[in-house]
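Since the structure comes first, as structure tokens, the remarks are kept for the end.
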Amino acid sequence: MPKIKNENLLVGIDTSDDAAVYKINDETAVIQTLDFFTPIVDDPYTFGKIAATNSLSDVYAMGGDPVLALNIACFPACEDMNILGEILRGGADKVKEAGAIIVGGHTVDDREPKYGLSVMGIVHPDKILPNASSRPGDLLILTKPIGTGVISTASKGEIAEEKHMDVAVKYMSTLNRYAAERARKYKVNACTDITGFGLVGHALEMAEGSGVTIHLESRKVRYIEGAEEYAKMGLIPAGTYRNKKYAEGKYLKLIEEEHVIDLLFDPQTSGGLLYSLPETEANRLNRELNESGVDSFIVGYVTEFRNKHLIIE
């Protein structure tokens with residue numbers, strides 16, 4: 001991708017951030033993002049909800065509010081169009097919950113269904129939350145437990161218990177709106193959402209962009225019920241190994257439990273927000289999030305750069 005220089009482009013691709021941000025005037029900047037993927041569950045309506053929730057998440061990660069959305073879908077022309085209708089209905093319900101509106105979209109005839117959204121959001125230019133401004137002394141808060149990749153893999157192998165997949169679906173279809181709205185009262189330095197690169201991959205991007213070292217405290221990480229059990233059984237998605245390969249040589253590992261490492265690299269679908277903010281602010285925010293029903297927890301801390309950008313403790 002060519003590097004674009006434009007005085008109104010406030011966030012581009014240079015720091016692998018969650019979305020692009022373009023300044024319209026002194027009061028308004030536009031957030032633009034796009035995401036879509038293949039079905040992660042069998043039920044089409046639920047798939048639509050999860051895919052839309054995932055697409056909307058990037059706007060919340062940048063500190064903004066979603067305004068408009070466009071459907072992007074691939075679907076076999078020979079299949080029942082009512083299935084596509086249910087996928088779109090699931091997406092529309094989540095967009096409505098987010099306070100945005102769907103204004104159209106585009107569908108392509110394809111052998112394998114795919115669905116997601118192109119989302120436009122708005123944010124004040126002074127209130128953008130980039131991923132590359134984490135500071136030494138910050139604590140890190142994650143707003144959802146991890147493990148959706150492992151649980152989905154176990155489900156595809158017909159090994160996962162139904163109750164575990166139900167909980168995973170609940171998290172994947174929960175908007176990050178509710179955490180994001182509460183975080184706006186606090187002095188957040190940086191933010192990103194945890195998706196396909198896993199907790200390590202996205203934390204590494206934050207650390208590299210910020211020029212700091214992020215310390216992930218593995219024993220503080222919370223997992224969706226069942227995820228640790230399935231990881232110990234070796235039910236690891238292919239994306240985990242790709243994530244490990246990408247991060248090779250970029251982090252320091254101080255723990256030996258391989259299933260824990262696998263979970264930290266587990267690719268998430270519609271994961272939580274990772275906030276970096278000063279210690280006092282972080283403790284207050286985490287307490288408020290928990291009191292409001294958001295399953296957040298402190299997962300690490302930030303120091304000046306110490307040889308590696310990420311240390312797993």
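Restricting the stretch 144-171 to residues that are in contact (Cβ under 8 Å) with a residue 60 or more places away in the chain and β-branched (Val, Ile, Thr), the residue that is surrounded by the fewest Cβ atoms within 10 Å (Cβ to Cβ) is Ile159. Where strands (runs of 3 or more DSSP E) fall wholly inside the stretch 1-81, no range has 1 or more residues that are loosely packed, with under 12 Cβ neighbours inside 10 Å. Note on the stretch 295-313: residues that are closer than 12 Å to Leu252 by Cβ and within 23 Å of the chain's Cα centre (by Cα) total 5. Among the residues of the stretch 121-133, is any free of Cβ contacts under 8 Å to residues at least 24 places away in the same chain and either within 21 Å of Asp17 (Cβ to Cβ) or not in a strand (DSSP E or B) (or both)? Taking every residue of the stretch 121-133 in turn, at least one turns out to be free of Cβ contacts under 8 Å to residues at least 24 places away in the same chain and either within 21 Å of Asp17 (Cβ to Cβ) or not in a strand (DSSP E or B) (or both).
Taking the stated definitions as given, is Glu281 surrounded by 14 or more Cβ atoms within 10 Å (Cβ to Cβ), among the charged types (D, E, K, R) and either out of contact with any strand residue (DSSP E or B) (no Cβ under 6 Å at 6 or more places or on another chain) or farther than 17 Å from Met206 by Cα (or both)? It would help to see each step written out before you state the result.
Values: surrounded by 14 or more Cβ atoms within 10 Å (Cβ to Cβ): yes; among the charged types (D, E, K, R): yes; either out of contact with any strand residue (DSSP E or B) (no Cβ under 6 Å at 6 or more places or on another chain) or farther than 17 Å from Met206 by Cα (or both): yes.
Spelling it out, Glu281 is indeed surrounded by 14 or more Cβ atoms within 10 Å (Cβ to Cβ), among the charged types (D, E, K, R) and either out of contact with any strand residue (DSSP E or B) (no Cβ under 6 Å at 6 or more places or on another chain) or farther than 17 Å from Met206 by Cα (or both).
Six or more apart or on different chains, Cβ under 7 Å: which pairs go from a residue in the stretch 181-193 that's among the hydroxyl-bearing types (Ser, Thr, Tyr) to one that's part of a helix (DSSP H, G or I)? Could you list them? Pairs that qualify, where the first residue is among the hydroxyl-bearing types (Ser, Thr, Tyr) and the partner is part of a helix (DSSP H, G or I), are Tyr186/Glu281; Tyr186/Arg284; Tyr186/Leu285; Thr192/Ala61; Thr192/His202; Thr192/Glu205; Thr192/Met206. Scan the stretch 250-267 for residues that are in a loop (DSSP other than H, G, I, E, B) and either loosely packed, with under 14 Cβ neighbours inside 10 Å or more than 19 Å from the chain's Cα centre (by Cα) (or both) and the total you get is 5. If you go through the stretch 58-109 and pick out every residue that is under 30 Å from Ala203 (Cβ atoms), in contact with a strand residue (DSSP E or B) (Cβ under 6 Å, 6 or more places away or on another chain) and not aliphatic (A, V, I, L, M), you end up with 5.
Take the residues in the stretch 220-241 that are of a type outside the set (Gly, Ala, Ser), under 23 Å from Ile311 (Cβ atoms) and in contact (Cβ under 8 Å) with a residue 60 or more places away in the chain; name whichever of them is surrounded by the fewest Cβ atoms within 10 Å (Cβ to Cβ).
Kept after step one, since they are of a type outside the set (Gly, Ala, Ser), are these residues of the stretch 220-241: 220-225, 228-230, 232-233, 235-237, 240-241.
Imposing the further condition that a residue be under 23 Å from Ile311 (Cβ atoms) reduces the set to 220-223, 228, 236, 240-241.
Those still in the list that are in contact (Cβ under 8 Å) with a residue 60 or more places away in the chain too: 220-223, 228, 236, 240.
Values: Lys220: 13, Val221: 20, Arg222: 15, Tyr223: 18, Glu228: 18, Ile236: 21, Thr240: 22.
Among those that are of a type outside the set (Gly, Ala, Ser), under 23 Å from Ile311 (Cβ atoms) and in contact (Cβ under 8 Å) with a residue 60 or more places away in the chain, it is Lys220.
Where a number appears in this text, it was derived from the coordinates with a stated rule and is not lab data. Everything quoted here is computed from the prediction, not taken from an experiment. Virtual Cβ from ideal backbone geometry, glycine too; neighbours counted across all protein chains shown.
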